1. With the chain treated as a Gaussian network of Cα nodes joined by springs under 10 Å, which of 40, 29, 13 yields the largest mean-square fluctuation?
2. Please list 97, 1 in order of solvent-accessible area, largest first, computed with a 1.4 Å probe with all protein chains present.
3. Just how large is the dipole of the chain about the Cα centre, in debye to the nearest 20, putting +1 at every Lys and Arg Cβ and -1 at every Asp and Glu Cβ?
4. Specify which residue in the list 10, 91, 29 is farthest towards the positive end of the charge dipole of the chain, using unit charges on the beta carbon of Lys, Arg (+1) and Asp, Glu (-1), about the Cα centre.
5. Relative contact order of the chain, please, whole-number percent, based on alpha carbon pairs below 8 angstrom and at least 6 residues apart.
6. What order do 32, 110 take when sorted by accessible area (1.4 Å probe), most exposed first?
7. Lys/Arg Cβ at +1, Asp/Glu Cβ at -1, dipole of the chain taken about the Cα centre: which of 69, 39, 102 is farthest positive-ward?
Amino acid sequence: VQLQASGGGLVQPGGSLRLSCAASGSIFPINVMGWYRQAPGRLRELVATVTIDGSTNYGDFLEGRFAVSRDVAKNTLYLAMDGLKPEDTAVYYCRAVISARIYWGQGTLVTVSS
């Protein structure tokens, strides 16, 4: 199973980014897909997850600024991020749960700075 995350970059405070994560390999079914992030010196934390039936869960810090979605047919996960703040700066990782096993992608760096 491979998870390829993309879409990170440098953005100014208040800006937007859209992350994508494409899954490939022996991946049927993907029970849960999600985004986690890790800032320097901090533990990895939940950003958002979405189950195969579309149920979502978000980290408490988001205040409605991010939206997670998935295209089940394309095995792709998305994260739309609006109102970005400097404290959102982190490496964002894609995670998939397949048959009770957890897989991680390589991460994509998001930097929010003026």
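1. Of the options given, 40 has the highest mean-square fluctuation.
2. 1, 97
3. 280
4. Projecting each Cα onto the dipole axis, the largest value belongs to 29.
5. Rounded, it is 38 percent for the chain.
6. I get 32, 110, largest accessible area first.
7. 102
The values are calculated or read from the model by the stated rules, or taken from the named source; none is laboratory data. Since the model is a prediction, treat every value here as computed from it, not as a measurement. Neighbour counts are summed over all protein chains in view; Cβ atoms, including those assigned to glycine, are modelled from backbone coordinates with ideal geometry. All accessible areas refer to the heavy atoms of the entire protein, side chains included, with ligands and DNA or RNA removed. Shrake-Rupley method; radii C 1.70, N 1.55, O 1.52, S 1.80 Å.
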